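The values are calculated or read from the model by the stated rules, or taken from the named source; none is laboratory data. Quantities reported herein were computed from a predicted structural model and do not represent experimental measurements. Cβ: placed from backbone, ideal geometry, glycine included. Neighbour counts: every protein chain shown.
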Amino acid sequence: MKINKVCVYCASSDYSDSVYLNAAYKLGEILAEESITVVYGGGSAGLMGKLADGALSKKGKVMGIIPQFMVDLEWGHNGLTDLQIVEGMNERKELMRNDTDAAIALPGGSGTFEELFETITQKRLGVYLSPIILVNINGFFNPCIELLKKAIEEKFMDERNRLMWTVVNESSEVISAINNSPQWSSEARNFATLRKTGN
């Protein structure tokens, strides 16, 4: 599979432990070295900034998509290949996912969780078909993964929905995970809602 462009969800906190910041920088480097365009939220702080800086250090293409109010707050990264300014968060999320060959989640807070879960929902409904990769640095996503498993065990999601995401432990595993992710199709919407048949 030729990977041309990926979106990355991650934190904007400078206070994150260096293990997370370094993982973001490393992922940026790896994606740039593979000539993969990075699409992310356009920020300069935290894992967002490190991701962009890592890719730019290797002459990679980095596209930021950021709402106007964040630009007004001077949260944007000034060194990107392309910075698109949008009206609000919903438009931002839609454009970040658009035409990407994978969605990658690094550790983050509520914004990262929202982006990740919306993308999982889009995939469950057969709208977003590309791989979703969770980079589980320091076991950060373990509670999230357990919650998703619990939803499947309690019949809120179909057993086949386990194939929607892939978990890796290091940034160095992301490319391989994308290439080896199970195929997904719009037929997934046929089991997005669990219904009893008959009486």
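Miscellaneous remarks
- Scope segment 53-89; condition among the charged types (D, E, K, R) and in a strand (DSSP E or B); matching residues: Asp82
- Top-ranked residue in segment 137-165 [being β-branched (Val, Ile, Thr) and out of contact with any strand residue (DSSP E or B) (no Cβ under 8 Å at 6 or more places or on another chain); ranked as farthest from Tyr25 (Cα to Cα)]: Ile152
- Test: residue in segment 96-110 that is surrounded by fewer than 18 Cβ atoms within 10 Å (Cβ to Cβ), of a type in the set (Gly, Ala, Ser) and assigned to a helix (DSSP H, G or I): yes
- Residue tally, condition in contact with a strand residue (DSSP E or B) (Cβ under 7 Å, 6 or more places away or on another chain), closer than 20 Å to Glu74 by Cβ, assigned to a helix (DSSP H, G or I) and not hydrophobic (A, V, I, L, M, F, W, C), over segment 13-52: 1
- Of all the listed residues (Lys58, Lys50), the sole one being out of contact with any Phe, Trp or Tyr (no Cβ under 7 Å at 6 or more places or on another chain) and either under 24 Å from Ser176 (Cα atoms) or surrounded by 23 or more Cβ atoms within 10 Å (Cβ to Cβ) (or both) is Lys58.
- Residue ID - surrounded by the fewest Cβ atoms within 10 Å (Cβ to Cβ), chosen from residues in segment 1-31 that are out of contact with any helix residue (DSSP H, G or I) (no Cβ under 9 Å at 6 or more places or on another chain) and under 27 Å from Gln183 (Cβ atoms): Lys2
- Restricting attention to segment 125-138, the residues that are outside any helix (DSSP H, G or I), polar (S, T, N, Q) and more than 19 Å from Phe191 (Cα to Cα) total 1.
- Any chance Asn179 is under 21 Å from Ala55 (Cβ atoms) and either exposed (fewer than 14 other Cβ atoms within 10 Å of the Cβ) or modelled with pLDDT of 95 or more (or both): yes
- Contact map, segment 155-166: first residue surrounded by 13 or more Cβ atoms within 10 Å (Cβ to Cβ), second residue acidic (Asp, Glu) and outside any strand (DSSP E or B), Cβ cut-off under 6 Å, separation 6 or more or different chains; the map is empty.
- Candidates Glu34, Glu74 - the one that is at pLDDT below 95 and either surrounded by fewer than 21 Cβ atoms within 10 Å (Cβ to Cβ) or out of contact with any Asp or Glu (no Cβ under 9 Å at 6 or more places or on another chain) (or both): Glu74
- For segment 64-83, the count of residues that are under 14 Å from the mean Cα position of the chain (by Cα), over 15 Å from Cys7 (Cβ atoms) and in contact (Cβ under 8 Å) with a residue 60 or more places away in the chain is zero.
- Residue match in segment 114-124 (condition: over 27 Å from Met70 (Cα atoms) and either touching a residue at least 12 places away in the same chain (Cβ under 8 Å) or in a helix (DSSP H, G or I) (or both)): yes
- Among the residues making up segment 164-199, those that are in a loop (DSSP other than H, G, I, E, B) and under 30 Å from Ala32 (Cβ atoms) are Asn169, Glu170, Asn180, Ser181, Pro182, Gln183, Trp184.
- Within segment 141-163, not a single residue is polar (S, T, N, Q) and not in a helix (DSSP H, G or I).
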